[in-house]
1. Is at least one residue of region 110-120 part of a helix (DSSP H, G or I) and crowded, with 16+ Cβ neighbours inside 10 Å?
2. What tally of residues in region 25-46 results from selecting those that are loosely packed, with under 12 Cβ neighbours inside 10 Å and assigned to a helix (DSSP H, G or I)?
Amino acid sequence: MSIWITIGLLVISNIFMTFAWYGHLKLQDARIITGNTPLYIVILISWGIALLEYACQVPANRYGFVGNGGHFTLMQLKVIQEAITLAVFTVFTVVFFRGETLHWNHFAAFVCLILAVYFVFMK
């Protein structure tokens, strides 16, 4: 499977994951659900979204793994996924939660993650 298809599936999966984990906060902010909405309803909504996340994450890992003919070791897949998670979460936070701002330490953390990706691919 192509490297870019694996990365694309990881990006899509992380978009769904971020909405599953944090989207209900925006739904509450937009008054689509309320603070009185039973927690089990919020969990069921999140699980429904998370199902879509798994539908992308599992194939990305399965086809991207070197043991299945892919291009990445398990460690590389995990570090790539974590870097994508932070990037997706940052965009989500800045776009949907306008009160959140980025500071110098966030950028320092991004540099550390980029270095982590670099180091995990070093031979």
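The values are calculated or read from the model by the stated rules, or taken from the named source; none is laboratory data. This structure is a prediction, so every number in the text was calculated from the model and none was measured. Cβ sites come from the backbone with ideal geometry, for glycine too, and all protein chains shown count toward neighbours.
1. yes
2. Selection size over region 25-46: 4.
Residues checked against (1) within 19 Å of Ser13 (Cα to Cα); (2) assigned to a helix (DSSP H, G or I); (3) among the polar types (S, T, N, Q); (4) modelled with pLDDT under 90:
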site: Ala60; (1), (2), (3), (4): yes, yes, no, no
site: Leu77; (1), (2), (3), (4): yes, yes, no, no
site: Ile80; (1), (2), (3), (4): yes, yes, no, no
site: Leu86; (1), (2), (3), (4): yes, yes, no, yes
site: Thr90; (1), (2), (3), (4): yes, yes, yes, yes
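To keep it simple, each residue is scored yes or no on (1) in contact (Cβ under 8 Å) with a residue 40 or more places away in the chain; (2) touching a Phe, Trp or Tyr at 6+ places or on another chain (Cβ under 8 Å).
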| position | (1), (2) |
| --- | --- |
| Thr6 | yes, yes |
| Thr18 | yes, yes |
| Asn68 | no, no |
| Gln81 | yes, no |
| Ile84 | yes, no |
| Phe97 | yes, no |
